[in-house]
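Data first, discussion second: the structure below is written as C-alpha cells.
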Amino acid sequence: MRSFKYSLIISLLLGCAVAMSQPKERVMIAEQSFAGSKAVSYILKAVIEKRLGGQAEVKLADTSAAVAALDKGDGQLDVIGDFWMPNQNARWTEFVEKKKSILHNDEPYNGIQRLWIPGYLQDSHKIYSVDDLKKPEIAKLFDSDGNGLGEYWPGAPGWGSTQIWMVKMRSYGLDRLFEQTIVDQAVFLNKLDSEYKKKRAMLFYYWTPEWVPQAYDIRPLKEAPFTGYKGENAKDSPLYAGEKGCFELYSPRETQDWLERSRITCQNPDAQIWVLYSKTLPSRAPKAAQFFKQIKLDPNEVSKWIGAISRDKKDPQDVAEEWVAKNKLIVDKWIQGIK
C-alpha cells in the first residue's frame, strides 16, 4: 500500500513536471496603422493569454511586411487580425488563393467604404454625389491653401484605399480639380475634429465599422452601384463581370503603369474584413490557429473597441482584457473544441 502511494505521488509529480515543461504557445500579432487593426489585435492577444494559456505579442507592421512574414512562416509575424478586401486583392490572390501560404478565418465581417463630407456642408451646398464635385464652384470649397485644387484624404501611406481613390478620382475626371493629402489616420482625425468644429469643408475616405461616423454627422456621397470586377487580374474572383464590370484595379506590385491601367467608375463593393494567419501556425501553435479559424467578429463590437481606444484614449490591452472577461459566452464560441 505504501509502495502504491509513493508510486502515485511520483506519477503525479512527473505529470506536473511534464505539463510545466511544455512551452506555451507563442504568437506574434501584426498591428497595422489604423485603429481597427489595433483593437482587433489586442482582442486576439487577450484571448490567447487569458483563455488559451499562451503568450502573444503585438508588433506594429505595415501590410506589405506583415503579409510577407506570414508567407515566410518563420514566426516573426503569425496573424493579421484586420485584413481588408478588396483593398488588398492583389496580395489575397497571390498568397491566399495561389500560393496558399496564408490561411483565413471561416467568416469575415462586413463594412462599407465611401467618400464622405460633413452634414452641414451637404445641407448648405446640396452636395450629394461625386458628380456634384465636378462643379468648379463646389471643388473650390475644398481648396484650403489657395492653389486652385481642392484637397481630399484618400487614406494613409501604404493603404490599399489610397491607391483606389487615386484611381477613382482620375476615372471620375476629378484629378483636375482635387489633389490628395496622404497622411496617417491620427493626423487626419485631428484635422477632422478641428475643421468640423469650425464648420469647414472636408472631403475624405472613410469606412464602417468605426467610431467616427457615430461621433460626427458625416455623410457618404453617392456613386454608381458596383457591378463587378473586370481586368485580367480579377478573372478568378467570384465578383468578376468581364466588360460589364466597373472596378478594374492594378497595384504597383503588379505593373509600373498601374494608375493608367486601372479604372474604377462605381462605389466600392462592401468590404470583407478577414483574420489571416500563416499556414505554418497550426504546427507551431495549434490552439491559436484553431481560434483564428473559428473567430467571428461583430462589426458593432469592433466599432465599440475602436471608440474606446481612439476616441476615449483607453489602453488597448485594458479594453481587450475587460471585454474578454465580460463576454465569456462569445469567446467560448470562438474557442469551442480547443483543448
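G155 passes every criterion in (1) touching an Asp or Glu at 6+ places or on another chain (Cβ under 9 Å); (2) in a loop (DSSP other than H, G, I, E, B) apart from (1). Just checking, does segment 101-113 include any residue being under 21 Å from V212 (Cα atoms) and touching a Lys or Arg at 6+ places or on another chain (Cβ under 9 Å)? Yes, segment 101-113 contains at least one residue that is under 21 Å from V212 (Cα atoms) and touching a Lys or Arg at 6+ places or on another chain (Cβ under 9 Å).
Looking for something in a helix (DSSP H, G or I), free of Cβ contacts under 8 Å to residues at least 40 places away in the same chain and touching a Ser or Thr at 6+ places or on another chain (Cβ under 8 Å) - is there at least one such residue anywhere in segment 316-332? So that I can check it myself, show each step before the final result.
Of segment 316-332, the ones in a helix (DSSP H, G or I) are 316-326, 328-332.
Checking the rest, the ones that are also free of Cβ contacts under 8 Å to residues at least 40 places away in the same chain come to 318, 322, 326, 328-330, 332.
Among the residues that remain, those that are also touching a Ser or Thr at 6+ places or on another chain (Cβ under 8 Å) are: none.
The answer is no, given that none of the residues of segment 316-332 is in a helix (DSSP H, G or I), free of Cβ contacts under 8 Å to residues at least 40 places away in the same chain and touching a Ser or Thr at 6+ places or on another chain (Cβ under 8 Å).
Screening the candidates S101, S64, S129, S124 for the property of being touching a strand residue (DSSP E or B) at 6+ places or on another chain (Cβ under 6 Å) and either over 29 Å from T255 (Cα atoms) or of a type in the set (S, T, N, Q) (or both) yields one hit, S129.
Within segment 189-224, restricting attention to residues that are part of a helix (DSSP H, G or I) and charged (D, E, K, R), which residue is farthest from the chain's Cα centre (by Cα)?
Here is the first cut: in segment 189-224, the residues part of a helix (DSSP H, G or I) are 189-197, 212-215.
Imposing the further condition that a residue be charged (D, E, K, R) reduces the set to 191, 193, 195, 197.
Numbers: K191: 22, D193: 22, E195: 26, K197: 28 Å.
The qualifying residue farthest from the chain's Cα centre (by Cα) is K197.
Comparison of A30, A39, A69 shows that the only residue that is on the phi < 0 side of the Ramachandran plot, crowded, with 19+ Cβ neighbours inside 10 Å, in a strand (DSSP E or B) and modelled with pLDDT of 95 or more is A30.
Under the condition of being at pLDDT 95 or above and in contact with a helix residue (DSSP H, G or I) (Cβ under 9 Å, 6 or more places away or on another chain), the residues counted in segment 268-290 number 16. For segment 323-337, the condition of being touching a strand residue (DSSP E or B) at 6+ places or on another chain (Cβ under 9 Å) and either surrounded by fewer than 16 Cβ atoms within 10 Å (Cβ to Cβ) or more than 24 Å from E107 (Cα to Cα) (or both) holds for none of the residues.
Remark: pairs (first residue in segment 289-303, part of a helix (DSSP H, G or I); second residue acidic (D, E) and surrounded by fewer than 17 Cβ atoms within 10 Å (Cβ to Cβ); Cβ separation under 9 Å; 6+ apart in sequence or on different chains) = K293/D106; Q294/D106.
Restricting attention to segment 234-288 and to residues that are hydroxyl-bearing (S, T, Y) and farther than 29 Å from P209 by Cα, the residue that is surrounded by the most Cβ atoms within 10 Å (Cβ to Cβ) turns out to be T280. Of all residues in segment 89-142, those being part of a helix (DSSP H, G or I) and either farther than 30 Å from G75 by Cβ or in contact (Cβ under 8 Å) with a residue 24 or more places away in the chain (or both) number 26.
Only a single criterion out of (1) surrounded by fewer than 20 Cβ atoms within 10 Å (Cβ to Cβ); (2) of a type in the set (V, I, T); (3) assigned by TED's automatic domain parsing to the domain that holds A224 is not satisfied by T93, namely (3).
Which members of segment 176-188 meet the condition of being closer than 15 Å to Y152 by Cβ, part of a helix (DSSP H, G or I) and aliphatic (A, V, I, L, M)? V187, the sole residue that qualifies.
The values are calculated or read from the model by the stated rules, or taken from the named source; none is laboratory data. Worth saying up front: this structure is predicted, and the values here are computed from it rather than measured. In this analysis, Cβ positions are derived from the backbone assuming ideal geometry, glycine residues included, and neighbour counts consider all displayed protein chains.
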